[in-house]
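Peer 1: Let me begin by handing over the structure; questions about it come next.
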Amino acid sequence: MSPGWWLCARASRVADTPLLSIRNLTVDFVLPDGRTSHALEEVSFDVHAGQTLGLVGESGCGKTTTLMAVMRLLPSNGRITGGRILYHDLDLLSLTERQMRAYRWKEMAMVFQSAMNALNPVMRIDDQISEAIVLHQLMNSAQAARRVDTLLEMVGIAKERGDQYPHQYSGGMRQRAMIALSLACSPSVLFADEPTTALDVMIQAQVLELLKKIQEKLGLAIVLVTHDLGVVAEVCDTVVVMYGGKVAEYGSADRIYNDPQHPYTQRLLESFPDLNKPGEVLSSIPGTPPRLTDLPPGCRFEPRCHKRIDVCAVLAPRLIETSAAHYAACHLCEAPETGSR
Amino acid sequence: MSQVAQQPILEVRHLVKHFPVRQALLAAFQRKLRQRIRAVDDVSFTLERGEVMALVGESGCGKTTIARTLIGLEQQSSGEIRFSGELIGAEERRARAGLLSVDVGRVGTREQQMLPHMSLKRLRQRAQMIFQDPYESLNPRATVFDIVAEPLIVHGMAREREERIRRVAAAMEDAGLRPARDYYSRFPHELSGGQRQRVVIAGAMVLEPELLLADEPVSMLDVSIRAEILNLLNDLRRERGISILFITHDLGTVAHFADKLAVMYLGRIVERGPTEQLLRDPRHPYTKALLSVVPVPNPRLRKARVILQGETPNAANIPAGCRFHPRCPVAIDRCRTEDPPEIALAGDQMAACLLVSHAQNQAA
C-alpha cells in the first residue's frame, strides 16, 4: 500500500475552525410558468475537516440543491439570492466563474447519486480520471496515469480494470470508480449525494467503509446526503435534518438520535425500521411535504405536525440553540412554558 | 373441501431454474458442454395461509427469478410448485412436451401427473405480483381507473359497469387512495412515488387474490413513505388473511412484519426460520454478515460489522463445495469440497452450513 505522499499534503487542518461555513443560504428557482420555487431558505451549517456531516430529509427537501449551490453548479433557472458560503474565510459567492473553477474539484469534489449516469459511458475509467487531473493542470499525462493507478488501488479496483468502460463494472465498482474520480485532485471536502442508495446492503457497507477509510487517511471532510437514517447513524458525526428547504434541526449525531427536539425528526426516526425492535408498528408521517411554490405562512411542517400549537400556523420558527451546539427550528423548543402544553 | 382450506397456500419443492447461456455456433458443433446460469438451484419452502415470508439476499441471488417462476413468467427447469395443493406450470410443460421430444417432458411421477393442474390464468386470479419500481410498472398513458380496472377486464370479471366501478373504488380505498374518485382520471405522472405504489397495490388487490408476491415494493421509496406502504401491506394481511411473499435485499424493512425469513445466496436458501428467532440467533455465517451490516438508527449502537469482500459470484460459475466458501469468514477445508445439506435446527430453523452440522453432532 503506497498511499502517495501528495494525497496527504492537505490533510491536517486545525479542527476547531470550520473548513466550510454555510450561512443563511437561500436559493430560488424560476419555473417555466413564471412561478418561483423557494428551494432553500436560510440554510446554515459548518463542515469540519476530518468529520462527516449528514444531510437528511425526504425527497425534494433541498439536500441536493444545497450541494449544487455550494459547488455553484445550479441549473440556469436557479439563483442564489442570499447568504454566504465561506471556505477558509473566503466567500465562494464573491468569486467569478473563472476563479470558482480553481476551487471546484480541487478543493471540493462530489460523488454523484447515480454513478452510471455520472460516468461517461464511452470513455474508459482511467481516461476519465486522468482527464480531471490533467484538466486542472496538476501534472502531465504520464504522472496522471500513475496517479490514476494509485487512486484505483485506494478504492479497491484492480489496476488492470482501469482500461474498461463503465458498463463492464458492477454497481458497487462504478460507485468506487466515482469515488476515485472525486478524489482525483485531492479535495479537502467531499460531497457524497446518496452514494449508496441504489446499492445492496452488503455493497453499501463496503462503500461506506471505503469512505471512512479514505477519510481517516486523507483527513477529508465529508458531507453525506441521504434519506437513509441508518446510514447517517453509522457514519456521521453531525447531522442536519432538512424539511421543505429549511434546516429543521442541527446537532451532533448522538443528540439528534437520542434526544431529538424537532417533531419532524422525532417522526422520521419513528418511521425508520429498527432491527433491534422487531414487531413494533412503524409510524408514518401523514400528508406530503409542502410544495415549494406555495409554502405555508408559518412553520413548513405545521400541516403534518402532531404537536402543533396555534402560533405554528402564522409564524415561522427561527433556528435556535436548544442546548450547546444543538439547534432546532420549532416553537415548542423556543419557550419552555409553551412546550409543556 | 375442508382439506383444501388447511393446505398451505404455496408449496415449493426442489425448484430449479437454469438459463442457458447463448453460445457460439462453433462451440455447439464441437459439442462443448453448454453453460448454464443456475439462477435458482434446488429451493424448497412452504408458505402457509395468511403468513408473510421474506426472501432476503443480494442482487443476483435468484430472489426475483423465484417470484417470476411462481407466477408463471418463467418456466421452471425442474421441481414442483403447488398453489393451494394444485400443481402449477405443469400443464404448459406437458403441452410443450408434446412438441419437443426431449426430456423436458418428464414431469414428476405418475402420481403427480394425476393431480389437478392449474392454468396460469386461473393462478393469476388468485396470486398477484407487485413490482419493484412504481415508475416503470405503470402505463404512463392510462388513467388510474383504467390501470386498476384492467385486471378485471382481462379475467372477464365484474362485467357490469356499476360492479366494476364498485370493485375499483373498493380496491383503491383499501390501498389508501381516498377518496378513490379523486384519483380515477389522473395519470401516473401526476402522482408521487408512494401514491404510484398504492395504485400498483390496488391493481393487484382488485382481483381479491389470496397471495401477493411483492418484489422489493419499498426500496425505491423515501423512508417516511416506506413505513406507510409496509403498514398498508400489514393491514391487508391482517384484515384479509392474504399471504405475502416479500422479496428484499434489506433485512431491516422486513423484520417488522414477516413471520418467516428465508436467506438466499447464489440460487439457494442457506438459512430459514421464524423471523424473531432467526434475527436473535442466526446460524449461517452469511446471515450473520447480512445482519451485521443492516444500519442501526442509533450512533450509540454502532457495532462491529462483518463486511464480506467482493460481490456475489456469477451464477454461471458457482464455486464447488459450499457456494459461499470463497467469501465466508469462517470457512474450513471441508467447505471447499462438500456441498452442505440443509440441517434442521430447533424451532423450525434450518441452516445449510457444515459448521452448524458440526456443532449439532458434537452436542448429540
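Peer 1: Per the Kirkwood formula on distinct C-alpha pairs, the Rh of chain A is how many angstrom?
Peer 2: 21.2 Å
Peer 1: Across all directions of projection, what mean area in square nanometres is found for the Cα convex hull of the protein assembly as shown?
Peer 2: Its average projected convex-hull area is 37.6 nm².
Peer 1: Using just the Cα positions, wrap region A:40-108 in a convex hull and report its mean projected area in square nanometres, one decimal place.
Peer 2: 5.3 nm²
Peer 1: Averaged across the residues of A:222-231, what count of C-beta atoms belonging to other chains lies within 10 Å of each residue's C-beta?
Peer 2: Across A:222-231, the average partner-chain Cβ count within 10 Å equals 3.
Peer 1: Evaluate the charge dipole of region A:118-186 about its Cα centre and quote only its size in Debye, nearest 20, assuming +1 on the Cβ of each Lys and Arg and -1 on the Cβ of each Asp and Glu.
Peer 2: 120 debye
Peer 1: Looking only at Cα atoms, what is the convex hull volume of region B:229-364 per residue, in Å³?
Peer 2: 141 Å³
Peer 1: So, one more: At 20 °C and a viscosity of 1.002 mPa s, what translational diffusion coefficient does Stokes-Einstein give for region A:196-341, taking Rh as the Kirkwood radius over Cα pairs? Give it in µm²/s as a whole number.
Peer 2: Calculated translational D: 127 µm²/s.
Peer 1: With +1 on the Cβ of every Lys and Arg and -1 on the Cβ of every Asp and Glu, and nothing else charged, how large is the dipole of region B:311-353 about its Cα centre, in debye rounded to the nearest 20?
Peer 2: Using only the charged Cβ atoms, the result is roughly 160 debye.
Peer 1: Compute the distance from the alpha-carbon center of region B:41-61 to that of region B:266-313, in whole Å.
Peer 2: 16 Å
Peer 1: What is the order of A:D200, B:D182, fewest Cβ neighbours within 10 Å to most?
Peer 2: Fewest to most other Cβ atoms nearby, the residues stand as B:D182, A:D200.
Peer 1: OK, next. What ranking do A:301-307, A:174-180 get when scored by the average of other Cβ atoms within 10 Å per residue, highest first?
Peer 2: A:174-180, A:301-307
Peer 1: With unit charges on the beta carbons (Lys and Arg positive, Asp and Glu negative) and the dipole taken about the Cα centre of chain A, which residue among A:A248, A:G62, A:F301 sits farthest to the positive side?
Peer 2: Sorting the options by dipole projection puts first A:G62.
Peer 1: Moving on. If you fit an axis through the alpha-carbon atoms of helix A:201-218 and take the longest principal axis of the Cα set of chain A, what angle between them do you get, 0 to 90°, nearest 10?
Peer 2: With both axes taken from Cα atoms, the answer is about 70 degrees.
Peer 1: Still on this structure, I have one more. In debye to the nearest 20, how big a dipole does region B:264-364 give about its Cα centre with +1 on each Lys and Arg Cβ and -1 on each Asp and Glu Cβ?
Peer 2: 460 debye
Peer 1: Averaged over peptide B:285-298, how many Cβ atoms belonging to another chain are found within 10 Å of each residue's Cβ?
Peer 2: 6
Peer 1: Let me ask you something else. Could you work out the helix-only [θ] at 222 nm for chain A, with each DSSP H run of four or more residues adding -39,500 (n - 2.57) and the total divided by the number of residues, to the nearest 500 deg cm²/dmol?
Peer 2: Rounded to the nearest 500, the figure is -8000 deg cm²/dmol.
Peer 1: Please arrange A:V155, B:V206, A:V281 by how many other C-beta atoms lie within 10 Å of their C-beta, fewest to most.
Peer 2: A:V281, A:V155, B:V206
Peer 1: Compute the acute angle (0 to 90°) between the alpha-carbon long axis of helix A:141-154 and the principal axis of greatest extent of the alpha-carbon atoms of chain A; round to the nearest 10°.
Peer 2: Result, in degrees: 50.
Peer 1: With r as the distance between the Cβ atoms of A:K213 and A:H88 and R0 = 25 Å, compute the FRET efficiency 1/(1 + (r/R0)^6) and round to 0.05.
Peer 2: My answer for the efficiency is 0.45.
Peer 1: If you don't mind, another one. What is the fewest-to-most order of B:S224, A:S59 by other Cβ atoms lying within 10 Å of their Cβ?
Peer 2: The fewest-first ordering by Cβ neighbours comes to A:S59, B:S224.
Peer 1: Extent of region A:249-300 along each principal axis, from alpha carbon coordinates, in Å, largest to smallest?
Peer 2: Reported extents, whole Å, longest axis first: 40, 26, 13.
Peer 1: Return the Rg/Rh value of region A:102-253, two decimal places, where both radii are evaluated on C-alpha atoms and Rh is the Kirkwood radius.
Peer 2: Rg/Rh: 0.98.
Peer 1: Against the longest alpha carbon principal axis of chain A, how many degrees, from 0 to 90 and to the nearest 10, is the axis of helix A:125-135 turned?
Peer 2: The angle comes out near 90 degrees.
Peer 1: Output the Cα-based Rg and Dmax of region A:118-186 in Å, rounding Rg to one decimal and Dmax to a whole number.
Peer 2: 10.7, 31
Peer 1: For the pair A:E321 and B:L73, how long in nm is the line joining their label points, each one 7 Å along Cα→Cβ?
Peer 2: Result: 5.6 nm between the two label points.
Peer 1: Positive end of the charge dipole of region A:4-140 (Lys, Arg +1 and Asp, Glu -1 on Cβ, about the Cα centre): tell me which of A:Q51, A:A132, A:T81 has its Cα farthest that way.
Peer 2: So the residue furthest toward the plus end is A:A132.
Peer 1: What is the spin-label model distance, in nm, from A:Q164 to B:R302 if the labels are put 7 Å beyond Cα along the C-beta direction?
Peer 2: Distance between the two pseudo-spin positions: 3.2 nm.
Peer 1: Of B:L87, B:N317, A:H326, which is farthest towards the positive pole of the protein assembly as shown's charge dipole, taken about the Cα centre with +1 and -1 on the beta-carbons of Lys, Arg and Asp, Glu respectively?
Peer 2: B:N317
Readers should treat all values here as calculations from the given coordinates under stated rules, not as data from a laboratory. All values reported here derive from a predicted model rather than from experimental measurement. Positions of Cβ are backbone-derived with ideal geometry, glycine not excepted, and every protein chain shown enters the neighbour counts.
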